[in-house]
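Participant: Dumping the structure here so I can ask a few things about it.
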Amino acid sequence: MKRLWWPIPVLLLLTACASRPPAKVDEISTRPSQPKSSQARKSTIIPDYYRVKKGDSLYSIGFRYNIDYRQLAAINNIEAPYVIHPNQRLRLVASKQNTELSSNKVKTRPIVQQPVLTAKKETATPIKTTPPKQTEKKSTQSQPSVTISQQPPKTQPVVNLPKNGDLNWLWPTAGKIRTTFSGSNPARKGISIRGNEGQSVKATESGVVVYSGDGLLGYGELIIIKHNDTFLSAYGHNKKRLVTEGQQVKRGDVIAQLGSSGTNVNNLHFEIRKNGQPVNPLDYVKP
C-alpha cells in the first residue's frame, strides 16, 4: 500500500494538466506599422505654454497645435510682422484671469488725497546758450564732395494676396492620391500624393512663405504659405526646399522637390488650413 500511495497525487496532477485547456496565444498582426510621420501627428494635446525654439515662427507654432496665428498673436500681445525669438515663452491657451477679475469684486483701499506741491517760478534760471561756431560748416565745406553710386537693393515683385473669393487652387504635384483627409483622425490632416523623388512641387496659390524648415516633427522638410488672412497651405516630406521665409511666390511657382523626409515613402503631404484648422484639400482643389 505504501508503494501505491505516492503515485496517486502524481496521477491526479497529470490528469488535471491534461484536462486544462491549451494556453491562449495572442495573434501577431502582419499589418505594417504606420510610419513615424503619421504617429507624430497624432498628438493634439495643447500645453498652456510653449518655449520658442530656433527656426520657429508664429505660423509654424500655430500649425503644430491647430491654432490660428492671429489668436496666438492676440494672446501674447504680438503685433505684425509677428517676430518671435528663441527661448521666448508663449502662451497657447488664453488666460482666464481677466474673466475671473471681472466676475469677482476686488476690494480696494480708499484713496487718500495728498496735497499738491507747486514749484516756485524763481527757482528756474535761464541757461545761456552760444550759437555753434562757423568753423564746423567750413570743415564740412572744405571736404570734397563724394558721390556714392549705391544700387538699390533688389526687391521681389509684390504679390497681391488673393481674397477668399478669388482663390484659384492648383494641384501641387503630379501623382495619385495615396491617403485622404479625415477630420476624425489627427494623423490625416491633409492628403498624401505619391510621386517620384525630385519631381516639382508647386505653390497651389499665390502668397508669402511664412515657414520653411524641418522643425515640425512628422512633416520632414516643410513649407507653409500664407495666401491671405484666412488660408494657409502646407507641403511636407520634401527632398529639398527651394524657397525661404518671407519670399513671395506666385501660383504655380516651383517651391520644392518631392521626397521622403520624415517618412519612408516618396510622397507629398499637402494640407490646407482655414483659420488655423485643417480642412479637406479635395474640397478646394482637384487632381
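Participant: Test of understanding: what is the full-extension gain from Glu79 to Asn185, defined as 0.36 nm times their sequence separation minus their Cα-Cα distance?
Facilitator: Result: 34.8 nm gained on full extension.
Participant: Continuing with this model, one more query. Considering only the other residues whose Cβ falls under 12 Å of the Cβ of Leu58, what net charge follows from Lys and Arg at +1 and Asp and Glu at -1? Let's see the in-between values first.
Facilitator: Details: positive: Arg64, Arg70, Lys226; negative: Asp56, Asp68, Glu79, Glu245.
Overall, the nearby charge balance is -1.
Participant: Give me the dipole magnitude in Debye, nearest 20, for the range 41-94 about the Cα centre, with unit charges on the beta carbon: positive for Lys and Arg, negative for Asp and Glu.
Facilitator: Roughly 280 debye, rounded to the nearest 20.
Participant: Treating the beta-carbon of each Lys and Arg as +1 and of each Asp and Glu as -1, no other charges, what is the dipole magnitude of the range 164-283 about its Cα centre, to the nearest 20 debye?
Facilitator: Numbers: 14 positive and 10 negative charges, 59 e Å.
In total the dipole reaches around 280 debye.
Participant: Continuing with this model, one more query. Grab the Cα-Cα distance for Ile177 and Val265, subtract it from 0.36 nm times how many residues apart they are, and report the gain in nm with one decimal. Don't skip to the answer; put the middle values down first.
Facilitator: Numbers: separation 88, 0.36 × 88 = 31.68 nm, distance 1.29 nm.
Contour length minus Cα-Cα distance gives 30.4 nm.
Participant: While we're here: Listing Val208, Val254 from the residue with the fewest other Cβ atoms within 10 Å to the one with the most, what is the order?
Facilitator: Fewest to most other Cβ atoms nearby, the residues stand as Val254, Val208.
Participant: On to the next question. Could you work out the local net charge near Leu232, counting Lys and Arg as +1, Asp and Glu as -1, over the other residues with Cβ closer than 13 Å to its Cβ?
Facilitator: Values: positive: Arg64, Arg70, Lys189, Lys226, Arg273, Lys274; negative: Asp68, Glu205, Asp229, Glu271.
Net charge around Leu232: +2.
Participant: Kindly flag which residue pairs out of Lys54/Lys286; Lys54/Lys163; Lys54/Lys176; Lys53/Lys163; Lys54/Lys202 have an alpha-carbon separation exceeding 30 Å in this structure. Display every interim value, and only then the final one.
Facilitator: Numbers: Lys54/Lys286 36 Å; Lys54/Lys163 32 Å; Lys54/Lys176 35 Å; Lys53/Lys163 32 Å; Lys54/Lys202 27 Å.
Those over the limit are Lys54/Lys286; Lys54/Lys163; Lys54/Lys176; Lys53/Lys163.
Just so you know, all these numbers are worked out from the coordinates, no wet-lab data involved. For clarity, every value in this text was computed on a predicted model and none was experimentally measured. Note that each Cβ is placed from the backbone with ideal geometry, even for glycine, and that neighbours are counted across all protein chains shown.
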